[in-house]
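Here the structure comes first, spelled out in structure tokens, and everything after it is commentary.
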Amino acid sequence: MKTWARIVGGMLLTLALAVTVAACGGGSSSSSSSTSGTGSSGGGASTSGGRAGGSATVAIGTAPDFLDPSIGYTTQSVETTWVVYTGLLTYRHANGEAGTQLIPGLAEALPTISRDGRTYEFTIRRGLTFSDGRPVRASDFAYSVQRMLRLNWGGKAFITNYVVGASAFDRGRARTVSGITTDDATGRITLRLMTPYGAMSNVLAYPALSIVPTGTAMRNLSASPPPGVGPYMITASTPNRGWTLRRNPSFARFSIPDIPLGHLDTITFNINSNTQSEAQQVLSNQADVFDPGDTVPPALVQQIQNQARDRFSREENPSTFYFFLNTTKAPFNNERARQAVNYALDRRAMVRLASGFLTPECYFLPNGIVGHPTGACPYGSKDGAPDLARARQLVRDAGLTGAPVTVWGETRSPRKEYVDYYTNVLNQIGFKATEKIIADAVYFPTIGNSKTDPQTGFADWLQDFPNPSDFYLLLDATSIQPTNNQNFSRVNDPHVQAELKRLNAYPATELRQHEAEWQALDEYVARRAYVLVYGSELLPKFFSNKLNFSAAIFHPLYLTDLTSLQLK
């Protein structure tokens, strides 16, 4: 989330001022090798009609940033908060592309959007109560947004940059967000924007925009999360150790279509930073779910495939793994240098380094996101042999043979191995490349600082929401900042800017109508070689033999759909 900012190895990404997101999100368009079902019944019924009751444990290697929904931003957070705190809008509980469909949550219907794209209107469902019994009111939404801003959620610029009065409230210059008006008598909620932003419906479906009771304390409540409206509730939480979910007994009577009640009575998360131990626990059935936000140790992959083939798969996750190429300084301010590295990289080698947890790609928009190009790559094949001879010639033609290049990277595997290989490739085609490997915890703030001004290095993005605008924040010139910059290639292209101004205004519900336009933009960016894309991450779906593997949903945004877990 990330944008997902996302901590899957210790890094929360934040983009300030223009837009704040985290790559951190994860997503999926289809299962790579799974037979997972897609069942999700309406009316609040249990998912797929499977066995109800029982408990399960989730082994998770990285603690959530927060379990307070108003500030949680990482995959490890939203995997839980999605089923505890329902927003005005949410997503269908389904595998693959079906799971990217926006559906009404606590709102009666999808928003009514004005012709100019600047006014969103909702009506909240009647008879809703929080898990502690308090009634849900329209004004709770306004309070929840203000609480999110006060607590400084990492993605708050999705609101402050677009909602009337949100920036003034955030800066302490107003007592309320003037662009949000509510009527508790009718349940009506109106949201006014300063400028059209088509992804606003996606933003409103994010758990940080879910509804908590008015009066909820304006402080981090991760140790004692506030009540919500959802199929589960958090009944115990010990930061950095674990937390427990129990089914919400009041949720069934709301009969909200397409939001299942869940099967298990209790789900316990145990934090174990040793992923070797975590994987072994699931393999030996001492724990039930290996959290997909964690990396399966390469040394165990073959053993797991051999011994747990009926309860393990690699799942597609719309994400972009790439090397940024700083377009404002040598050598990558030269387009031929950027073309050269795109010709030279063997994406098959990257897949091997990832132990198979990577699908080779060459376009910035990944499979599963509207606008993903399906044609041939402009510089060689994404799954064929590289053209080193052509790459060397381009470097020579550009007069860059022997040009020094510093490649930035993280310490954790396989990201360091990606950088090792890339550095070797740069040397093979004529550059004089060396590595600069730094700690994961400081990596993105360091490369995002203008004082560092790195030439090239590792970068990745996992969706905050299934909208191409979420990915194109990283190539938007307005995203370039002195600190916390995420446009690492410092792309500032008038054509890209003109297209983004137009495409970003289209409502999320109309994305398919403009798919060809997004695709054309992504093909243009690939031809300009602004980045070196090499793959989209695959994530592990790995259970004990106690759970019904095929019935469990691997959600494109929230990974393990906890409502779909059930005993055999």
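Here are some notes:
- Sole exception among (1) assigned to a loop (DSSP other than H, G, I, E, B); (2) within 25 Å of the chain's Cα centre (by Cα) for V177, by number: (2)
- Within the range 138-174, the set of residues being under 20 Å from F122 (Cβ atoms), more than 23 Å from the chain's Cα centre (by Cα) and small (G, A, S) comprises A138, S139, A142, G165, A166.
- Residue ID - surrounded by the fewest Cβ atoms within 10 Å (Cβ to Cβ), chosen from residues in the range 313-364 that are basic (K, R) and touching a Phe, Trp or Tyr at 6+ places or on another chain (Cβ under 8 Å): R347
- Residues of the range 237-254 satisfying the condition of being outside any helix (DSSP H, G or I) and either of a type in the set (K, R) or under 19 Å from G53 (Cα atoms) (or both): R241, W243, T244, L245, R246, R247, N248, P249, S250
- G127 being in contact with a Lys or Arg (Cβ under 9 Å, 6 or more places away or on another chain) and on the phi > 0 side of the Ramachandran plot: yes
- Residue identified as in contact with a Gly (Cβ under 9 Å, 6 or more places away or on another chain), farther than 21 Å from A174 by Cα and either aromatic (F, W, Y) or assigned to a strand (DSSP E or B) (or both) among F141, F122: F122
Let's see how each residue does on (1) touching a Phe, Trp or Tyr at 6+ places or on another chain (Cβ under 6 Å); (2) in contact (Cβ under 8 Å) with a residue 12 or more places away in the chain; (3) surrounded by 20 or more Cβ atoms within 10 Å (Cβ to Cβ); (4) not aromatic (F, W, Y):
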residue: T186; (1), (2), (3), (4): no, yes, no, yes
residue: Y197; (1), (2), (3), (4): yes, yes, yes, no
residue: G215; (1), (2), (3), (4): no, yes, no, yes
residue: P225; (1), (2), (3), (4): no, yes, yes, yes
residue: P249; (1), (2), (3), (4): no, no, no, yes
residue: P257; (1), (2), (3), (4): no, yes, no, yes
residue: P260; (1), (2), (3), (4): no, yes, yes, yes
residue: H263; (1), (2), (3), (4): no, yes, yes, yes
residue: I267; (1), (2), (3), (4): no, yes, yes, yes
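- Residue list for the range 339-389, filter: among the small types (G, A, S), without any contact (Cβ under 8 Å) to a residue 40 or more places away in the chain and outside any helix (DSSP H, G or I): A376, G380, S381, G384, A385
- Candidate set: the range 375-387, residues that are surrounded by fewer than 16 Cβ atoms within 10 Å (Cβ to Cβ) and among the hydrophobic types (A, V, I, L, M, F, W, C); chosen: the one nearest to V351 (Cα to Cα): A385
- Checking S167 against (1) buried (at least 17 other Cβ atoms within 10 Å of the Cβ); (2) modelled with pLDDT under 95; (3) of a type in the set (S, T, N, Q), the condition it does not meet: (2)
- Of all residues in the range 269-287, exactly one satisfies the criterion of being crowded, with 23+ Cβ neighbours inside 10 Å and either out of contact with any strand residue (DSSP E or B) (no Cβ under 8 Å at 6 or more places or on another chain) or assigned to a loop (DSSP other than H, G, I, E, B) (or both), namely A287.
- Some residue of the range 191-212 being of a type outside the set (A, V, I, L, M, F, W, C) and more than 30 Å from T100 (Cα to Cα): no
The values are calculated or read from the model by the stated rules, or taken from the named source; none is laboratory data. A quick note: this is a predicted structure, and the numbers were derived from the prediction, not measured. In this analysis, Cβ positions are derived from the backbone assuming ideal geometry, glycine residues included, and neighbour counts consider all displayed protein chains.
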